[in-house]
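The next block holds one structure in the form of structure tokens; read it before the comments.
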Amino acid sequence: MSQVAPLTPEEIELAQRLEARHKAGEPRSHADARKIVARMFADRKADHDRQAELDRQAGREPAGENELPDLMSYVLRVAEKGEVTNPARGTDRALWSWQSQPKGMDREIKHRFLAQACGETRGYQVLEESPAAGQVDGYYLGSRFMADVLTEDYGVPAADLQKTIAQFWPRVSERYAEAAKGQVLVFAAEIGERSVLGAAELKQILGPEGVGRENVDFLVDFPHPPHLPAEMRDLLADPAVRCQIRREDYAMGDDRTPADFAAKLDAIDVPEHLKEAHAAAVATLSGAKSYDEFEVPPAELTEPGLTEPGLTEPGLTEPGLTEPGLTEPGLTEPGLTEPGLTEPEPARTGMTEPTPRQPGAEQPEVQEPAPAQPEPKVPGAEQPAPEAPAPPQPEPRVVVHGQSFVLGADLPRTLTRPTRSGPAVTGMHGWGPPAAEAAPKSPGIEQ
């Protein structure tokens, strides 16, 4: 468990400003790049003069002006001889790799700038703010404008430029890690085995002359791999374990098995309080042939459990879905009955169904027709011919809310409505027109 204070919103905001400042210094034209190259020549001359003075003080013959190194050799000299400690900072050192999206940010940011922000607020040493690395970082050797000017104007072979960049950072980083005397704070979510952090810096920190795993901590949360058992989460996130494993150790792949990771994990040294969890993790991994064995199958939901709390409305349970109970007082919004859309009473055999009431809206009282009484026959009077029965009328439109997502509901199949006239009515309190209603998803159910 990390013991260091987490990043604050102010430090994250400062990191964004530092990133913007660094980008503002990048060359945006060949003219900008030529100014930086001129600074490189000036730095080389100043370094030569300083070394010549030291040679004279030591009684040695100083190098002549014609013995100046070429620019790329000078950059590598800075990696070997330049100062890697900022005299204005404390003893704790920050290491970083790659980038992530911290809480409170809407995008990813390089961990380098988070480390620099904590360098300002907490006094950490940061590689890019040491005299040696800060100087070469300001040359922006990775810029295409710098590459064009160095190769075309000054005859630096492109291969030499790339080789210099590839050699400078591992070497200056290694020397920076060698100088660690206090706590080491790592700004990285995962550690790649071929990164400068994994291949050079932590190798030195954990070596016989380094400060050791007990002095390493992390300021970025560990993203527990989903293919590993959840019970290993605390073990792998512990700084003493985390600084010794690499992303490639536990990554899934055709040629990687849990047994391979078990062998890597078994080889690391862990503190006493983690030995039991460490042994259990090694045993679990060793006994599995594939990471698929650790996948937890989704729980099967029986039909009664498919209705989630909060989605069940009173009266909508399956046994009660007979036609008279389809309109619920709590599900009908006032104003959802449109004026002018009254529909004729349906013809039923021997009964008349009342029109559902809408809460908050006055409904005309439905008068039950009195049973027809036969008129007495008057002798000698003509009796009118019996009237033909009225043709069957369409059933009334029934506004049903919520039924579309009730499992097992028996929806009416004869609901009709006249052509809508006038503007569409938008429902209230988050209701939309019936056609826009979508069934809410229940977790674990294929929609």
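The values are calculated or read from the model by the stated rules, or taken from the named source; none is laboratory data. Remember, it's a predicted structure, so these values are computed and weren't measured experimentally. A quick note on method: Cβ atoms are made from the backbone with ideal geometry, for glycine too, and the neighbour counts reach across all protein chains shown.
For Ala33, the test of being farther than 30 Å from Leu185 by Cβ and in contact with a Phe, Trp or Tyr (Cβ under 9 Å, 6 or more places away or on another chain) is passed.
For region 95-128, name all the residues that are polar (S, T, N, Q) and more than 19 Å from Lys23 (Cα to Cα). Once the filter is applied, which keeps residues that are polar (S, T, N, Q) and more than 19 Å from Lys23 (Cα to Cα), region 95-128 yields Thr121, Gln125.
Is there a residue being surrounded by fewer than 16 Cβ atoms within 10 Å (Cβ to Cβ) and closer than 30 Å to Gly198 by Cβ anywhere in region 46-58? Among the residues of region 46-58, not one is surrounded by fewer than 16 Cβ atoms within 10 Å (Cβ to Cβ) and closer than 30 Å to Gly198 by Cβ, which makes the answer no.
When residues in region 229-247 are screened for being closer than 18 Å to Glu193 by Cβ and out of contact with any strand residue (DSSP E or B) (no Cβ under 7 Å at 6 or more places or on another chain), 6 of them pass. State whether the residues of region 169-191 include one that is more than 24 Å from Lys23 (Cα to Cα), among the acidic types (Asp, Glu) and either part of a loop (DSSP other than H, G, I, E, B) or not assigned by TED's automatic domain parsing to the domain that holds Ser29 (or both). Yes; the residues of region 169-191 include at least one that is more than 24 Å from Lys23 (Cα to Cα), among the acidic types (Asp, Glu) and either part of a loop (DSSP other than H, G, I, E, B) or not assigned by TED's automatic domain parsing to the domain that holds Ser29 (or both). Determine whether Arg28 is among the charged types (D, E, K, R), surrounded by fewer than 18 Cβ atoms within 10 Å (Cβ to Cβ) and farther than 26 Å from Ala147 by Cα. Criteria not met by Arg28.
Residues that are surrounded by 18 or more Cβ atoms within 10 Å (Cβ to Cβ) and under 35 Å from the mean Cα position of the chain (by Cα) within region 123-134 comprise Tyr124, Gln125, Val126, Leu127, Glu128, Glu129, Ser130, Ala133, listed in sequence order. Counting the residues of region 145-186 that are in contact with a His (Cβ under 7 Å, 6 or more places away or on another chain) and either of a type outside the set (Val, Ile, Thr) or on the phi > 0 side of the Ramachandran plot (or both) gives 2.
Could you check region 148-204 and list, in sequence order, the residues that are among the acidic types (Asp, Glu), within 30 Å of Val37 (Cα to Cα) and surrounded by 19 or more Cβ atoms within 10 Å (Cβ to Cβ)? Of everything in region 148-204, just one residue is among the acidic types (Asp, Glu), within 30 Å of Val37 (Cα to Cα) and surrounded by 19 or more Cβ atoms within 10 Å (Cβ to Cβ), namely Glu201. When Val75 is tested against (1) surrounded by 20 or more Cβ atoms within 10 Å (Cβ to Cβ); (2) modelled with pLDDT under 95; (3) not basic (Lys, Arg), just one condition goes unmet, and that condition is (2). Within region 159-176, residues that are more than 21 Å from Gly207 (Cβ to Cβ) reach partners that are not in a helix (DSSP H, G or I) with beta carbons closer than 7 Å, at six or more positions or on different chains, in the pairs Leu161/Leu141; Ile165/Leu141; Ile165/Gly142.
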